[in-house]
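The values are calculated or read from the model by the stated rules, or taken from the named source; none is laboratory data. Given the structure is predicted, the values throughout are model-derived calculations rather than measurements. In this analysis, Cβ positions are derived from the backbone assuming ideal geometry, glycine residues included, and neighbour counts consider all displayed protein chains.
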Amino acid sequence: MVTQLVAGRTFDYSHSIGRGAPSGEGFTVAVDVAMGAGDIVYVLNRGYEFVPTVAWNRAGRGARVGIFSVGTEAGDEQFISEFGKYGDARGEFIWPAGMALDSQTNIYVSDEWLNRVSVFDKDGNFLNDWGSQGEGNGEFSGPSGIAIDAQDDVYVVDSRNHRIQKLTKDGKYLLSWGKLGSGEGEFDSPWGITLDNDGNVYVADHKNNRVQKFSPDGHFLAQFGSYGTGRGELNRPSAVTVDPDGDVYICDWANDRVQLFNSEGKFLTSFTGDAQELTKWAQAIVGTNPGAVKRRREVKNMEIEWRLSMPTGVTFDTAKNRLFIADTQRNRLQIYDKLKEYAGPQRNL
């Protein structure tokens with residue numbers, strides 16, 4: 001177990017979940033994660049797209065939402081079911097990008113290729129979809145992140161239109177803000193979005209290498225980060241979440257880490273990944289291949305495998321006070337506990 005202590009906060013690395021798999025017990029480019037009721041976790045898989053011999057016949061595999069129970073310790077995780085598949089019919093995905101749950105645990109999934117938001121019930125049954133290609137109110141060009149407020153109004157990152165749109169749960173337009181630029185309230189290909197307990201809106205402004213904070217109606221409040229690779233600097237941030245204490249976690253995508261800031265924007269620490277043990281599902285696969293087991297024993301330093309690789313999604317489990325990171329290129333989730341009480345070791349002189 002790896003423990004981080006910073007500014008009165010303590011984080012313990014807990015464990016990881018997942019492996020590469022086109023269905024079932026594993027993920028295929030996990031780009032987002034959301035908490036359901038109890039121990040239920042929803043994982044959005046972008047999947048792989050490929051073009052077979054017939055050029056016009058695009059195909060893909062792995063695009064789906066997986067439903068899992070995760071428990072509290074390594075080995076507790078269980079695959080429950082999954083829904084969605086690659087395609088352009090209703091309830092299918094081409095480039096799924098973001099996911100959020102409303103107060104009834106309905107699941108909203110954005111698709112940046114199909115320019116729509118699809119809605120499912122908690123078990124994955126298709127309910128509705130809305131949105132179309134365009135620049136007008138309620139139209140999208142590459143929708144990505146989604147967040148839902150206490151009234152079940154939906155904030156959608158309209159990425160290639162460089163704006164945020166707020167709509168009802170049925171897709172009726174309410175308001176929007178933003179345009180292409182680098183000033184306050186302007187965006188360049190924004191991606192992730194979240195809300196804090198007061199309804200303030202945080203947007204991962206991807207190509208401006210920052211996170212912007214707004215009031216619920218879109219008034220600029222603050223900025224987190226700037227371009228770079230140092231402490232508190234960002235390179236193509238992809239997602240953001242805020243815990244009940246007001247701490248802000250940002251997926252620093254191209255720097256392969258998640259950075260933590262306090263509510264005033266002060267940098268606190270980074271999470272770079274600590275998955276020193278294979279997940280339960282990965283162990284089950286590797287264990288059936290004696291050659292793979294031998295080769296792994298021959299490697300003197302496996303540290304690169306522990307680390308995050310282009311993390312794209314992040315969420316905070318408020319019920320159990322823990323952080324979930326979608327370790328996208330490694331097809332797993334890494335989980336950190338935020339401890340409320342921590343007694344450090346006694347030091348004797």
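Observations on the model:
- Members of the range 54-75 found to be among the hydrophobic types (A, V, I, L, M, F, W, C), modelled with pLDDT of 85 or more and part of a strand (DSSP E or B), listed by number: V65, I67, F68
- Residue identified as in contact (Cβ under 8 Å) with a residue 40 or more places away in the chain, surrounded by 22 or more Cβ atoms within 10 Å (Cβ to Cβ) and assigned to a loop (DSSP other than H, G, I, E, B) among A239, A282, A275: A275
- Pairing residues of the range 324-335 that are within 15 Å of V41 (Cβ to Cβ) with residues that are acidic (D, E) and assigned to a strand (DSSP E or B), at Cβ distances under 9 Å and at least 6 apart in sequence or on separate chains, gives F324/D317; A326/D32; L333/D327; Q334/D327; I335/D317.
- Residue satisfying all of: in the range 163-212; acidic (D, E) and touching a residue at least 40 places away in the same chain (Cβ under 8 Å); farthest from G136 (Cα to Cα) among these: D196
- Considering (1) buried (at least 16 other Cβ atoms within 10 Å of the Cβ); (2) of a type in the set (A, V, I, L, M); (3) without any contact (Cβ under 8 Å) to a residue 24 or more places away in the chain, the lone condition that A89 does not fulfil carries the number (1).
- Checked against the criteria, I40 counts as under 20 Å from V314 (Cβ atoms) and of a type outside the set (S, T, Y).
- Within the range 141-150, being out of contact with any helix residue (DSSP H, G or I) (no Cβ under 7 Å at 6 or more places or on another chain) and surrounded by 12 or more Cβ atoms within 10 Å (Cβ to Cβ) holds for G145, I146, A147, I148, D149.
- Number of positions in the range 199-252 that are more than 21 Å from F324 (Cβ to Cβ), out of contact with any Pro (no Cβ under 9 Å at 6 or more places or on another chain) and not aliphatic (A, V, I, L, M): 18
- Top-ranked residue in the range 98-121 [being among the charged types (D, E, K, R) and part of a strand (DSSP E or B); ranked as nearest to Q165 (Cα to Cα)]: R116
- Members of the range 61-75 found to be of a type in the set (V, I, T), crowded, with 17+ Cβ neighbours inside 10 Å and either more than 19 Å from Y108 (Cα to Cα) or free of Cβ contacts under 8 Å to residues at least 40 places away in the same chain (or both), listed by number: V70
Yes or no, residue by residue, for (1) touching a Lys or Arg at 6+ places or on another chain (Cβ under 8 Å); (2) under 18 Å from G178 (Cβ atoms):
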| site | (1), (2) |
| --- | --- |
| R210 | no, yes |
| K213 | no, yes |
| P216 | no, yes |
| S226 | yes, no |
| T229 | no, no |
| L234 | yes, no |
| V240 | no, yes |
| D247 | yes, no |
| C251 | no, no |
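- Selected residue (criterion: farthest from D111 (Cα to Cα)) from residues of the range 76-91 that are at pLDDT 95 or above and outside any loop (DSSP other than H, G, I, E, B): Q78
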